[in-house]
Each structure stands twice: as structure tokens, then as C-alpha cells.
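Trainee: This is the structure I want to talk about, given as C-alpha cells.
The values are calculated or read from the model by the stated rules, or taken from the named source; none is laboratory data. Because the structure is predicted, anything quoted here is derived from the model rather than measured. Here Cβ is always computed from backbone atoms with ideal geometry, including for glycine, and neighbour counts include all displayed protein chains. Protein only, heavy atoms only, side chains kept; ligands, DNA and RNA dropped before computing areas. Shrake-Rupley method; radii C 1.70, N 1.55, O 1.52, S 1.80 Å.
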Amino acid sequence: MILLLTGFMGYAQQPMKAHVFAHNKGKQHGKIHVEIKWFTEKIEAGAGVYIYRQEGNAGGWLRVNDKPIMPLKKIDSLAKQKDEDLIFFEQLLQEKKPSQLDGITLLSVWIKAFESNDLAKFLGVYYNDSTVVEGKSYRYKIVQLISGAPKEIGITAAVKVQATEQFESPMQEIKLTPGKKRISFMWKDEPLRFWAVNVYRRVKGETEFIRVNKNPVMVNQSVDSLGKPVKPERMYEDDSLQENTLYEYQLSGVDFFGYETKRSTSYFCYVKDRTAPMRPKLKLDSVYHLNVYMSYIPVQDPDLKGYYIYRGTKSDGVYQRLTTEPFNKPTSTWVDSVDYPSPYYYFISAVDTAGNESASERIIANVEDVFEPEMPLGLIAKADTGRIQLSWKANTEKDLWGYYVYRGIGGSGMNTMVLLNKDPYLHTTYIDTINKAATNRFFYAVRAVDTSYNRSKYSDTVSAAMPDIIPPGKPFIKSVTAADDQQLRVIWIRNFEKDLSGYVIYLKDTVQRTIKRLNMELLPADPCEYVFTPAAAGPLILYIAAVDKTGNESERSTGFAYNYKPVLNDAARQELTLDYKKKNKSITFTWQYTGTNAFKGYVLYIRTDTEKEFRAMESLQQNNTFKITESASANGTYEVRLYFNDGTFIRSNQQHVQVK
């Protein structure tokens with residue numbers, strides 16, 4: 001209705017907007033009356049208003065008033081005695097021209113004019129036609145004289161003249177919704193039939209309906225950003241009602257002549273009990289192991305059904321109701337047995353027969369964990385290059401926080417083990433990164449820890465060691481010498497590794513440029529020498545590599561070059577003979593070769609009494625004689641070697657010389 005009124009307010013420069021209404025008043029004082037009212041956007045008296053009547057919906061219009069309808073100077077005194085509000089409006093409209101009213105003031109005047117026909121007469125917007133004929137239908141046209149020119153305000157709907165007063169039909173689409181000690185109302189808003197609503201109520205045992213609203217109820221609708229009406233959530237609310245009570249309602253609209261429409265049929269609505277009992281009080285008495293002892297202060301409520309106990313693990317978390325049905329024990333104590341230690345939060349609620357609950361303040365019970373977790377089982381260790389992977393079976397404790405992993409070296413005992421992880425480890429596998437060159441055996445154990453820092457016993461100990469992938473150090477060949485006429489002796493310096501297993505000798509043919517391993521079986525770590533017979537004479541290079549017990553082979557040593565010149569067999573040896581003569585403090589060596597093979601030359605060798613090997617006296621020569629001055633340094637054993645073009649040689653017989 002507010003939208004209906006505000007819709008035609010404030011449009012002085014536009015064609016006149018108005019609403020016109022006609023009401024069959026019925027027979028009074030021997031005559032039938034039809035009332036007419038009209039409302040415009042402004043209260044403009046102008047030069048007055050003429051009323052025209054049309055019989056049926058066709059035909060000519062007959063003016064029914066001789067003189068134009070004008071506002072009155074005052075309101076009937078009897079009317080003001082019945083309604084004191086009219087005194088205020090009379091004074092307002094006498095002090096200020098009605099045409100100057102706008103906004104809420106204008107709206108208030110129009111609303112009062114809806115209620116009061118006496119105020120409508122005072123404003124000049126009301127007419128009572130008593131010249132109608134019963135049984136006929138009429139339409140009325142309202143024409144206002146403004147600046148000497150007639151302006152049509154509007155035409156009413158047809159009204160049928162009857163001896164009995166006719167009221168608007170009942171309101172439609174009424175809906176009641178119960179709440180807490182209140183009932184909300186909705187109905188179909190029909191602003192052209194009624195501008196307000198009256199609500200009537202009675203309860204069981206009462207015969208009469210009473211009106212619950214002091215003033216007519218107006219629907220105050222709002223509009224959205226596009227100017228479209230927004231339906232309100234409720235049009236009226238009857239509050240301060242009694243719970244557990246059935247109410248009966250009838251509603252009627254109020255038309256623009258102040259008359260009520262026909263009342264609606266009865267609507268029944270039951271107000272449930274939504275008021276909870278008083279809040280109980282819960283207190284913690286004690287905690288022992290996994291048992292929580294509590295007590296509560298009962299409440300006094302006539303419809304109390306009992307109590308519920310709730311428990312949660314977080315103050316603002318989800319709470320579990322511990323009782324399926326309300327309990328009402330003769331004693332006010334409660335014992336709760338929990339499954340595992342933790343801080344627990346409790347509250348108690350009182351519940352009535354309607355199911356309304358009121359909860360107490362929350363209390364906290366700190367159930368301390370004094371139970372250590374089970375010892376972890378199934379610990380195994382697997383070693384790989386640079387790491388050892390541990391795994392074990394998971395513990396099943398609900399408050400398990402994780403595991404601690406410990407490591408020791410050499411089986412030195414649990415007291416010397418070190419903790420590998422600062423914070424509890426949540427998984428059942430753990431990888432310990434180890435220096436891949438480490439040769440120690442590592443020992444491991446695991447302990448479970450719960451959220452209360454209780455630690456389990458150590459698991460069974462397991463051990464693992466890094467696979468040996470580090471080869472021995474690079475060996476060093478000390479010397480290569482002839483062991484006899486055909487063989488060579490290789491001597492090297494022993495490696496220092498504790499896990500040394502042996503050595504491998506390699507020979508490189510400088511002509512063929514191939515390297516082959518000489519010994520199929522490892523040479524023992526001691527003695528550090530190897531004697532072998534090369535396949536052919538000529539220059540060669542020898543290498544040696546060390547091998548540990550895991551099979552890791554070292555880098556080969558630096559190559560040792562040697563020119564291999566084997567001695568020919570005994571038959572060839574007999575072709576060279578040596579002799580000597582001492583004379584005039586000198587020694588002359590002579591020799592003779594009886595063979596026919598071409599050769600390069602001769603070399604005379606000496607080995608003194610303090611030397612182990614022969615050494616050359618001079619370089620290769622073609623002569624078969626050699627003379628030295630006799631001296632003490634000439635003492636020793638002599639031989640001559642004849643070298644052939646292929647690198648082989650033969651030795652002469654040996655002659656021992658002692659200088660006197």
C-alpha cells in the first residue's frame with residue numbers, strides 16, 4: 001500500500017495521477033447510499049470537484065452534484081469527540097495549505113483519510129450519492145476544476161446498488177508460520193482493494209476474537225536497484241505468545257472508506273515449546289588413569305526430561321553425545337572412561353520434554369598419558385651404496401606421534417647409540433646416508449613415542465655395513481731384473497690396506513701394443529715379487545694392480561720399461577770362452593767366439609765379492625781383448641757377453657781374479 005501511495009506523490013508537472021473508489025453503503029434512513037472517494041498526488045482543491053454517474057458501462061454521464069465539492073473549513077465536532085486524532089489533522093491543515101504538503105506528512109494525511117470519512121469530507125475528497133436506484137449498477141467519474149478547466153481524475157469500478165451494505169471479499173493466500181513465542185503472517189497484497197489489515201485472535205476456551213493490532217497493519221514493501229518491489233519476509237508478526245498453545249486467527253482488510261473486508265476463514269497455528277530449561281553446572285572432580293570423574297548441579301524445571309553429557313577433544317570442535325537417551329540419576333555424578341590419554345572437553349545439557357536443550361559451561365579434563373607405546377617390531381636393515389634403508393612394522397597406538405631412530409658403531413651397546421632424528425619420524429621406513437667409503441658395521445634400533453612423550457623400549461638391534469667399492473691405492477714397482485738367463489724378477493712396494501687380498505701383473509708388448517694379464521690367480525700380498533719368463537726378447541712395459549678382498553682392483557701402477565734379452569741355451573754358450581793373464585801389474589782378458597752367427601759385439605762384466613749382480617766394465621766393443629791395471633778393485637768374477645742382432649746373448653765361462 002505504501003508503494004501505491006508513494007507512486008503518485010510528487011508529480012505536479014505531469015498528468016494528474018489518482019485512485020478513485022466507490023462503496024455501496026446500503027439503505028440508511030430510508031435511502032440507499034453510494035460513497036465515493038478519490039486520492040491524488042497532491043491535495044489540490046482547485047475550483048472544486050464534480051461527480052458524474054453512468055448507469056451500467058455505457059451511456060451518457062449525468063452530473064450528480066449541483067455545486068462543486070470543496071474542502072470544509074472545519075471538521076464536525078461530534079466526529080472530533082469520537083476521534084481525537086482529527087483535532088491534530090484539522091489544526092495541521094488549517095495552519096498549512098494542503099497543496100503544500102509532501103513526503104511523510106502528506107502520506108499521513110492520506111492514511112487518516114482512508115480511515116476517516118470525516119477527514120475526507122474536510123479535505124473535499126468524499127461524496128455521498130443518495131440518488132441511486134436499488135438494483136442498478138453505476139460508475140462514477142471524478143472531474144476537478146483547476147484554473148477554470150476540468151481535469152478528469154478517474155473513473156471508479158462499477159458498483160451495484162443494494163439495500164444491504166456490501167463489503168470487499170475476504171483476503172487471499174494467507175499463510176501462518178510459527179516461531180519462538182511468535183507467529184509470522186503473509187498474505188496476498190491487493191493495494192487496490194484494501195490499504196491495511198486487521199488481525200483477530202482467540203485461543204481454546206475463548207468465544208470471541210480480539211483484535212491483536214492496535215493500528216491497522218500496513219505492508220511496507222521495498223524496491224530493488226531496478227525499482228521492482230521486493231517481497232517482504234513477513235507482513236505481520238504476533239509475538240509474546242504462550243508456548244504449547246494452539247491459536248486461531250481471522251484476518252480482514254481495511255478498505256479506503258475505513259470499512260473492513262469480510263473476514264477470512266479461521267487459520268490455526270500451534271506455538272511449540274521452544275524455551276530451554278535453565279543451564280546446569282558441570283564440574284570436574286578428579287582424573288585417574290583413563291577415568292574422568294565429574295558432578296553436576298541439577299536444575300529445577302517442571303517439564304525437565306533429563307540430561308545429556310557431551311565430550312570432545314577440542315574446545316571448539318565436534319562433540320560426541322555420550323548418552324543416547326536423557327538420564328536423570330538420583331545422584332549427580334558421572335564417570336567417563338576414555339580410550340586413550342588426551343585433553344578432553346565436557347559439558348552437560350538439560351533437556352525438556354519438547355527437546356529443548358540448555359548447555360553448561362565447558363570444562364577440561366587433562367587425562368595424562370602414562371602408558372608407553374609398544375616396542376616396534378620387525379626392524380630390518382638393507383645396505384646400498386652410500387645409504388642404509390631401515391623398515392619396521394607400524395605401531396597401532398591412537399596417540400602415536402612417531403619414531404626415534406638410533407645408530408651405533410661396532411656393537412658398542414645401546415648407551416653409546418646416537419639419535420638420528422630430532423623430531424619424531426612418522427613413517428616406518430628410514431634412510432641413513434653413510435659415506436660410501438665407510439668400512440664400519442653400523443647398528444640400529446627404533447623406539448616409538450606418543451604425543452605425551454612416552455617412549456617405548458628399544459626394538460631389536462639390526463646391523464649393516466657399506467658395500468666395499470673403494471679399490472686399494474695405486475701400487476709402485478720398485479725394480480725389474482733378470483732372475484736368470486730366461487726369467488725376470490718384478491719387485492714392488494707392499495700396499496698398506498688392511499683388506500688387501502693380492503696383486504695382478506700386466507705386461508705390455510711395445511711392438512704389438514697389447515696388454516695382457518700375466519697371472520690368472522691373485523699373487524699373494526707377501527712376498528712382493530714375481531718371477532716370470534717373457535714370451536720374446538725385446539722392450540716391454542710391466543704394470544701391477546692391487547686387489548682387495550671385495551674384488552675391487554686398484555689403478556695400475558706407473559709402467560716399468562725393461563729391454564728383455566734372454567741368454568741362449570748351453571750349446572750356444574760353449575762357443576764363447578774367456579781367459580786372462582796377469583803381467584806387469586795389469587790383467588789382460590782374452591776371449592774367443594767359435595760360432596758363425598753375426599753379432600753386434602762384446603761386453604766384459606765384473607761382479608765384485610760384495611756385489612750380487614754383474615756390471616759392465618765398458619760399452620759394446622768389437623775387440624776380443626781387454627786390459628785393466630792391476631789393483632785391489634779388480635778383485636772379482638768376470639764374464640764376457642756376446643750380443644746378437646736379435647737382442648739375445650750368450651755368456652762365456654766365468655773367471656775369478658784375486659789381486660795379491
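Residue-by-condition table, conditions (1) more than 60 Å from the chain's Cα centre (by Cα); (2) in contact (Cβ under 8 Å) with a residue 12 or more places away in the chain; (3) open to solvent by less than 90 Å² (accessible area, probe 1.4 Å):
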{"position": "R63", "(1), (2), (3)": "yes, yes, no"}
{"position": "A79", "(1), (2), (3)": "yes, yes, yes"}
{"position": "E84", "(1), (2), (3)": "yes, no, no"}
{"position": "A113", "(1), (2), (3)": "yes, yes, yes"}
{"position": "G124", "(1), (2), (3)": "yes, yes, yes"}
{"position": "T131", "(1), (2), (3)": "yes, yes, yes"}
{"position": "Y140", "(1), (2), (3)": "yes, yes, yes"}
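Trainee: While we're here: What about V511, is it of a type outside the set (S, T, N, Q), more than 27 Å from G386 (Cβ to Cβ) and loosely packed, with under 14 Cβ neighbours inside 10 Å?
Mentor: In short, yes.
Trainee: Pick out the one residue from T324, T385, T331 that is out of contact with any Gly (no Cβ under 9 Å at 6 or more places or on another chain) and closer than 30 Å to N244 by Cα.
Mentor: Details: T385 fails: closer than 30 Å to N244 by Cα; T331 fails: closer than 30 Å to N244 by Cα.
The conditions single out T324.
Trainee: Then there's this: For region 314-373, how many residues meet the condition of being touching a residue at least 40 places away in the same chain (Cβ under 8 Å), open to solvent by 30 Å² or more (accessible area, probe 1.4 Å) and not in a loop (DSSP other than H, G, I, E, B)?
Mentor: 8
Trainee: So which of V418, V405, V462 is out of contact with any Pro (no Cβ under 8 Å at 6 or more places or on another chain), buried (at least 17 other Cβ atoms within 10 Å of the Cβ) and closer than 27 Å to D499 by Cβ? Explain how you work it out, then say what you get.
Mentor: Numbers: V418 fails: buried (at least 17 other Cβ atoms within 10 Å of the Cβ); V405 fails: closer than 27 Å to D499 by Cβ.
So the residue among V418, V405, V462 that is out of contact with any Pro (no Cβ under 8 Å at 6 or more places or on another chain), buried (at least 17 other Cβ atoms within 10 Å of the Cβ) and closer than 27 Å to D499 by Cβ is V462.
Trainee: Does L241 count as under 21 Å from K181 (Cβ atoms), in a loop (DSSP other than H, G, I, E, B) and open to solvent by less than 50 Å² (accessible area, probe 1.4 Å)? Working first, answer last.
Mentor: On the way: under 21 Å from K181 (Cβ atoms): yes; in a loop (DSSP other than H, G, I, E, B): yes; open to solvent by less than 50 Å² (accessible area, probe 1.4 Å): yes.
It is true that L241 is under 21 Å from K181 (Cβ atoms), in a loop (DSSP other than H, G, I, E, B) and open to solvent by less than 50 Å² (accessible area, probe 1.4 Å).
Trainee: Return a yes/no flag: does region 639-659 have any residue that is free of Cβ contacts under 8 Å to residues at least 12 places away in the same chain and over 60 Å from the mean Cα position of the chain (by Cα).
Mentor: Our first condition is that a residue be free of Cβ contacts under 8 Å to residues at least 12 places away in the same chain; within region 639-659, this holds for none.
For region 639-659, residues free of Cβ contacts under 8 Å to residues at least 12 places away in the same chain and over 60 Å from the mean Cα position of the chain (by Cα): absent.
Trainee: Restricting to region 376-397, give me the number of residues that are buried (at least 17 other Cβ atoms within 10 Å of the Cβ) and either among the hydroxyl-bearing types (S, T, Y) or over 30 Å from the mean Cα position of the chain (by Cα) (or both). Break it down into steps so the answer makes sense when it comes.
Mentor: Initially, region 376-397 is screened for residues buried (at least 17 other Cβ atoms within 10 Å of the Cβ), giving 376, 379, 381, 383, 388, 390, 392, 395, 397.
Of the ones still in play, those that are also either among the hydroxyl-bearing types (S, T, Y) or over 30 Å from the mean Cα position of the chain (by Cα) (or both) are 376, 379, 381, 383, 388, 390.
Summing the residues that are buried (at least 17 other Cβ atoms within 10 Å of the Cβ) and either among the hydroxyl-bearing types (S, T, Y) or over 30 Å from the mean Cα position of the chain (by Cα) (or both) in region 376-397 gives 6.
Trainee: Strands (runs of 3 or more DSSP E) wholly in region 483-557 with at least 2 residues that are free of Cβ contacts under 8 Å to residues at least 40 places away in the same chain - which ones? Give the steps one after another, and end with the answer.
Mentor: Values: elements: 488-493, 500-509, 514-517, 529-532, 538-548.
Here the list reads 488-493, 500-509, 514-517, 538-548.
Trainee: Just checking, which of V223, V199 is farther than 30 Å from P302 by Cα, open to solvent by 30 Å² or more (accessible area, probe 1.4 Å), among the hydrophobic types (A, V, I, L, M, F, W, C) and out of contact with any helix residue (DSSP H, G or I) (no Cβ under 6 Å at 6 or more places or on another chain)?
Mentor: On the way: V199 fails: open to solvent by 30 Å² or more (accessible area, probe 1.4 Å).
Being farther than 30 Å from P302 by Cα, open to solvent by 30 Å² or more (accessible area, probe 1.4 Å), among the hydrophobic types (A, V, I, L, M, F, W, C) and out of contact with any helix residue (DSSP H, G or I) (no Cβ under 6 Å at 6 or more places or on another chain) holds for just one of V223, V199, which is V223.
Trainee: Looking at the structure I just gave you, is I628 part of a strand (DSSP E or B), under 23 Å from Q486 (Cβ atoms) and open to solvent by less than 30 Å² (accessible area, probe 1.4 Å)?
Mentor: Numbers: part of a strand (DSSP E or B): yes; under 23 Å from Q486 (Cβ atoms): no; open to solvent by less than 30 Å² (accessible area, probe 1.4 Å): yes.
For I628, the condition - part of a strand (DSSP E or B), under 23 Å from Q486 (Cβ atoms) and open to solvent by less than 30 Å² (accessible area, probe 1.4 Å) - is not met.
Trainee: Continuing with this model, one more query. Scanning region 41-53 for residues that are open to solvent by less than 10 Å² (accessible area, probe 1.4 Å) and part of a strand (DSSP E or B), which turns out nearest to V125 (Cα to Cα)?
Mentor: V49
Trainee: Can you name the condition, by its number, that L107 falls short on among (1) outside any helix (DSSP H, G or I); (2) of a type outside the set (S, T, Y); (3) under 60 Å from the mean Cα position of the chain (by Cα)?
Mentor: All conditions are met except number (1).
Trainee: Note down all Cβ pairs under 7 Å where the first residue falls in region 288-303 and is within 19 Å of P330 (Cβ to Cβ), the second is of a type in the set (S, T, N, Q) and open to solvent by 90 Å² or more (accessible area, probe 1.4 Å), and they're at least six residues apart or on different chains.
Mentor: Pairs that qualify, where the first residue is within 19 Å of P330 (Cβ to Cβ) and the partner is of a type in the set (S, T, N, Q) and open to solvent by 90 Å² or more (accessible area, probe 1.4 Å): there are none.
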